[in-house]
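Visitor: This structure is in structure tokens; I'll ask about it shortly.
The values are calculated or read from the model by the stated rules, or taken from the named source; none is laboratory data. Computed from a predicted model, the values in this text were never measured in an experiment. All Cβ positions, glycine included, derive from the backbone under ideal geometry; neighbour counts span all protein chains shown.
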Amino acid sequence: MSQTDVTRQGLRGKRPDREAVTGSPRRWRGKHRAERPMVPPAEFTSYYGKPILNPPVWESPDIPGYLFLGGLAGGASLLAAGSDLTGRGVLARTAKTGAFAAGVLSVAALIHDLGRPARFLNMMRMFKVTSPMSVGSWLLTGYVPAAGTAALTALTGRLPRLGAAATAGSALLGPGVAAYTAALISDTAVPAWHDGYREMPFVFTGSGLMAAGGLGLLTAVLPGAGPGETEPARNLALLGTAMETAAFERMERRIGMVAEPYSAGRGGAYVKAGKALAALGAAGAALSGRSRTAAALSGAALLAASAATRWGIYHAGMASASDPKYTVVPQRQRLKERAQSGQADGQAAGGTERSLM
């Protein structure tokens, strides 16, 4: 190759390959030469406008209803056990009936989304500890009959010993029923769900306790409910609201940009509504001892807040799966951090070797 084969545009008759630097002719910046980039900023799109991830085939209202009802059932069983221990019969019957109804409806929503009941039964053919769906299916299989027995004995007044055992069993399984759905959605590639895996179980458990407390506060308007009948429900509602709010705020701060769907679009609208209803419900619950009507209204607000949060999480996850940005940008950030960490480790190792020489 002679010097005449080299031009300002490169080798004569040769096209730049993929590694060529794009830009305008070099210009001076201080004492150094720099390139002025001519390529526009990258847009996070994919081939034929399709998302990078295949979004889940789950549909609304089946799946968000399944998430909400499972949390309500698990929290209500804990409330029922506490009501029995403190001698609040009206509250105990309400909580047991609500736990059983929510559990049955949760299973029905799951089966409806699966399409055929046989698909739910097929999940019972094995037990896999590493599969949240497998664990959850077995939890529901043991929980729903226990919750149903507890509710039936409470409503009929028969077989009190059997009812006490069933109440204890459902209360023991209740936290798992309330929290396993968080592990289920976090075990996917959906960015808004997967990246929040640390806080999501606390969000779901707190939301379930808040819903159960709201259900218990509705007991205030039932016949036979004394002045202090709903006190455990009020305490549970306040605890659940605080847990859900703190965990959700921490999750949004930690996952950064991936949390955007929780504050924008359809998912953001549901989440904002849930936060507002939770604040109103908690304020009403704090004053529920003075008015039965206030207790019932705050209970309804807390139930609606829990449901809105689950719908918001569902739609936010779907939005994050459809937008390539929430998959590409975090991956690039992690690769950059690993490269910087590896470079720092290499420099530290080199410094150690030089100090030993």
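Visitor: Could you check the range 152-165 and list, in sequence order, the residues that are aliphatic (A, V, I, L, M) and over 15 Å from Leu85 (Cβ atoms)?
Guide: To start, the set of residues in the range 152-165 that are aliphatic (A, V, I, L, M) comprises 152, 154-155, 159, 162, 164-165.
Those that are aliphatic (A, V, I, L, M) and over 15 Å from Leu85 (Cβ atoms): Leu152, Leu155, Leu159, Leu162.
Visitor: Step by step: first the residues of the range 99-131, then only those that are surrounded by fewer than 14 Cβ atoms within 10 Å (Cβ to Cβ) and small (Gly, Ala, Ser), then the one that is modelled with the highest pLDDT. Which residue is that? Step through it out loud before you land on a result.
Guide: Narrowing the range 99-131 to residues surrounded by fewer than 14 Cβ atoms within 10 Å (Cβ to Cβ): 115-119, 121-122, 124-130.
Of the ones still in play, those that are also small (Gly, Ala, Ser) are 115, 118.
Values: Gly115: 85, Ala118: 82.
Ranking the qualifying residues of the range 99-131, first place goes to Gly115.
Visitor: Scan (1) closer than 23 Å to Trp193 by Cβ; (2) of a type outside the set (S, T, N, Q); (3) surrounded by 22 or more Cβ atoms within 10 Å (Cβ to Cβ) for the single condition Ala154 breaks and write down its number.
Guide: Failed condition: (1).
Visitor: Restricting attention to the range 82-98, which residues are surrounded by 24 or more Cβ atoms within 10 Å (Cβ to Cβ) and in contact with a helix residue (DSSP H, G or I) (Cβ under 6 Å, 6 or more places away or on another chain)?
Guide: Looking only at the range 82-98, we keep the residues that are surrounded by 24 or more Cβ atoms within 10 Å (Cβ to Cβ), and these are 83, 88, 91-92, 94-96, 98.
Matches in the range 82-98: Ser83, Leu91, Ala92, Thr94, Ala95, Lys96, Gly98.
Visitor: Pull out all pairs, ordered by first then second residue, where Cβ-Cβ is under 8 Å, the residues are six or more apart or on different chains, the first lies in the range 169-188 and is closer than 14 Å to Ser137 by Cα and touching a residue at least 60 places away in the same chain (Cβ under 8 Å), and the second is among the polar types (S, T, N, Q) and part of a helix (DSSP H, G or I).
Guide: These pairs meet every condition: Leu173/Ser77; Gly174/Ser77; Val177/Ser77; Ala178/Thr205; Ala179/Thr205.
Visitor: With the checklist (1) at pLDDT 90 or above; (2) within 24 Å of Pro64 (Cα to Cα) in hand, flag the one item Ala165 doesn't pass.
Guide: Unmet condition: (2).
Visitor: Moving on. How many residues are modelled with pLDDT of 80 or more and either of a type in the set (Ser, Thr, Tyr) or not in a helix (DSSP H, G or I) (or both) when one looks only at the range 319-357?
Guide: The qualifying residues number 6.
Visitor: Filtering the range 173-196 down to residues that are of a type in the set (A, V, I, L, M) and over 18 Å from Ser106 (Cβ atoms), which residue is surrounded by the most Cβ atoms within 10 Å (Cβ to Cβ)? Step through it out loud before you land on a result.
Guide: Of all residues in the range 173-196, those of a type in the set (A, V, I, L, M) come to 173, 177-179, 182-185, 189-190, 192.
Of the ones still in play, those that are also over 18 Å from Ser106 (Cβ atoms) are 189-190, 192.
Values: Ala189: 13, Val190: 25, Ala192: 27.
Only one residue tops the list, namely Ala192.
Visitor: Please find, within the range 85-109, the residue that is nearest to the chain's Cα centre (by Cα) out of those that are part of a helix (DSSP H, G or I) and over 19 Å from Val144 (Cα atoms). Write out each step before concluding.
Guide: Of all residues in the range 85-109, those part of a helix (DSSP H, G or I) come to 85, 89-109.
This time we only want the ones that are over 19 Å from Val144 (Cα atoms), so: 85, 89-91.
Working: Leu85: 32, Gly89: 34, Val90: 32, Leu91: 29 Å.
Step by step, filter the range 85-109, then rank; the result is Leu91.
Visitor: May I pose another question? Determine if the range 206-228 includes at least one residue that is of a type in the set (Gly, Ala, Ser), surrounded by fewer than 19 Cβ atoms within 10 Å (Cβ to Cβ) and assigned to a helix (DSSP H, G or I). Before the answer, list the steps.
Guide: Step one: list which residues in the range 206-228 are of a type in the set (Gly, Ala, Ser), which gives 206-208, 211-214, 216, 220, 224-226, 228.
Checking which are surrounded by fewer than 19 Cβ atoms within 10 Å (Cβ to Cβ) leaves us with 224, 226, 228.
Now drop any that are not assigned to a helix (DSSP H, G or I), which leaves none.
No, the conditions are met nowhere in the range 206-228.
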